[in-house]
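The values are calculated or read from the model by the stated rules, or taken from the named source; none is laboratory data. Computed from a prediction, not measured in an experiment: that's the story for all the values here. Please note: Cβ atoms are built from the backbone with ideal geometry, for glycine as well, and neighbour counts cover all protein chains shown.
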């Protein structure tokens, strides 16, 4: 047997297996112990006892004696309870959960740090083990409250971090190293890096878009066939008319032969069109299958995000002297992993609020002719292509009049207006930052941050939230969310002859009017719509895009807002609604102002998806510093002979952002998809500057720079490298190849790219 301080660190695979097993068993124990507290039937205790037994066996194999001892103590208590030798009280469950908390913390420790961690925690593990053994004899010594005890979910505002990986649990847990491979395909799992999955999602989306783009091509082929047929009919009529003329026999035969060949070509064209349509349908079907399969990979059951909630409900209710029955519905509902991860914090706050503000104490419930134990329900379901999540309680409900009073007290509106507000309008104030109806701040709530977090998450993903309450009967919060963040319904608008996408869920309304409808108040432009004054801003100024020379008579306004401000964004035109497959921006771009992601339109052209919250912040900044121009007073970029820049990069998003950054500054930009394409382009056109990536297919950036610098005609062209590689050796390698500048992804955050370009070739 190995000593606890003599772990064979060289055998990391064994400890890795142990950690995986331990992580799964701790989840099972935590959820199961909370359930056993409510209903301690032997059927519920038996799997918990086996889990403790498996932890003991696995720990013994890797030589963790302290863990063996603690797991043995938990197993003995659970075994006794299973066989009816004792009943588990709430305090007993507390002790067992404290022991499981130590396992949870151990599973989170790096393998190389395990010996030191076990040494530091030896005293705590031993004392908790003694306390758990004392359950059998009725003697439970005091548990030391050390700094190393696992934090309770009620002691911190931050929600507990819930593991995002699902690991298969073998049915037989006797020996962690002898577990047989899972036979069922559906129970097999492969770990995939999230970035790789995101890239795969982007490729699948591009395939689907490209497959759908074949439809217009098929339509164009049909038009060609029709024109070809019309031409054939015309030639036939000409031939018939020419029969009455004195044509030679040779001419007639050649004419006749030409018509036959024409018919043959037409038949071949029809055949090819049919084949292409068949290919197009199969391609779209396969692309759609690929996309749906990748989307399904991203989907996880709702239960994956829930392990910590039953424990949290139990601990908070017990701390507040309340009794709560926690029900979870729709555990198998499939949810996009990104949305599931984002749901953790909002649901934590909603559940906390439900217990604190919603549920009454047992005495209060009995006095109101209710059961002493309150019911808290968490539900997830699909409906009409959306995800619906509900958090409800059967508590006291929201006091409407008290809420109305708080709205007035906090200065959000006057008493006269508040009196006339509907219930739904009053509920909107609950989600404002810093708003709370609590009289005092507690460990659980009262700081005014909970529902603010809920609304922020809902708006971020393009969802909605609704509140329903009945005095004395309870309150429900309904979250309506998209099924996936990979597909976005957008409005495509034209700004400076470039398409941009705005999420439809973030658009309040769309207005087409005339410039004479604009009003000026305190030197600011407004549009009056339904008795509301909407501030008007020019999209060209916000995005720093040169305005077109022509002045349109129409006014195209997209009304956007966050929770505090609303503006009308004036664009050049509305193109139409599109469902886009979201492509994350390349990591080298860092954070791009006013842009959240990219996508590809049906014709294969790229489009940037605008970030509405960032747009509103940009507008606020322009207003604050007094730099906001009126619509029609746009700064024009001087035209003439502009300096030309070649951008070479295999990343679509990088190319597109660099192109728009430079074009918005006034430069004439051409793009190339790799080194070979860039070199060929340099042979055809003249450029003042080349901007290149390093890692590219066919010809990398270093090879391209060397070819440029070795060519007498091109060697004078300055070259800027923009790369995600920020090591000193990479920088030296690029500069030694002949580059004049080396920039990393931070360049897009501090405008270093524009500065470097101006340093190299001057103003546009």
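Tabulated data
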read-out: Which listed residue is out of contact with any helix residue (DSSP H, G or I) (no Cβ under 8 Å at 6 or more places or on another chain) and touching a residue at least 60 places away in the same chain (Cβ under 8 Å), from 338, 304, 399, 393; value: 399
read-out: Per-region count, region 572-589, residues surrounded by fewer than 16 Cβ atoms within 10 Å (Cβ to Cβ) and either modelled with pLDDT under 80 or closer than 19 Å to residue 488 by Cα (or both); value: 4
read-out: From 118, 88, 66, 102, residue being buried (at least 16 other Cβ atoms within 10 Å of the Cβ), assigned to a loop (DSSP other than H, G, I, E, B) and in contact with a helix residue (DSSP H, G or I) (Cβ under 9 Å, 6 or more places away or on another chain); value: 88
read-out: Some residue of region 373-384 being more than 24 Å from residue 345 (Cα to Cα) and either in contact with a helix residue (DSSP H, G or I) (Cβ under 9 Å, 6 or more places away or on another chain) or at pLDDT 85 or above (or both); value: yes
read-out: Residue ranges of strands (runs of 3 or more DSSP E) in region 484-555 with at least 1 members at pLDDT below 80 and within 30 Å of residue 582 (Cα to Cα); value: 487-495
read-out: Region 12-48, residues that are closer than 19 Å to residue 310 by Cβ, in a helix (DSSP H, G or I) and without any contact (Cβ under 8 Å) to a residue 60 or more places away in the chain; value: 32, 36, 43, 44, 45, 46, 47, 48
read-out: Cβ-Cβ under 7 Å pairs, at least 6 apart or on other chains, region 233-247 side assigned by TED's automatic domain parsing to the domain that holds residue 257 and under 19 Å from residue 264 (Cα atoms), far side part of a helix (DSSP H, G or I) and at pLDDT 70 or above; value: 235/259; 235/262; 236/259; 239/255; 239/259
read-out: Number of the exception - residue 321 against (1) in contact with a strand residue (DSSP E or B) (Cβ under 7 Å, 6 or more places away or on another chain); (2) in a loop (DSSP other than H, G, I, E, B); value: (1)
read-out: Inter-residue pairs, beta-carbon under 8 Å, first assigned by TED's automatic domain parsing to the domain that holds residue 730 and touching a residue at least 12 places away in the same chain (Cβ under 8 Å) and in region 683-698, second exposed (fewer than 13 other Cβ atoms within 10 Å of the Cβ) and assigned to a loop (DSSP other than H, G, I, E, B), 6+ apart; value: none
read-out: Enumeration of residues in region 643-702 that are assigned to a helix (DSSP H, G or I) and within 27 Å of the chain's Cα centre (by Cα); value: 652, 653, 654, 655, 656, 657, 658, 659, 660, 661
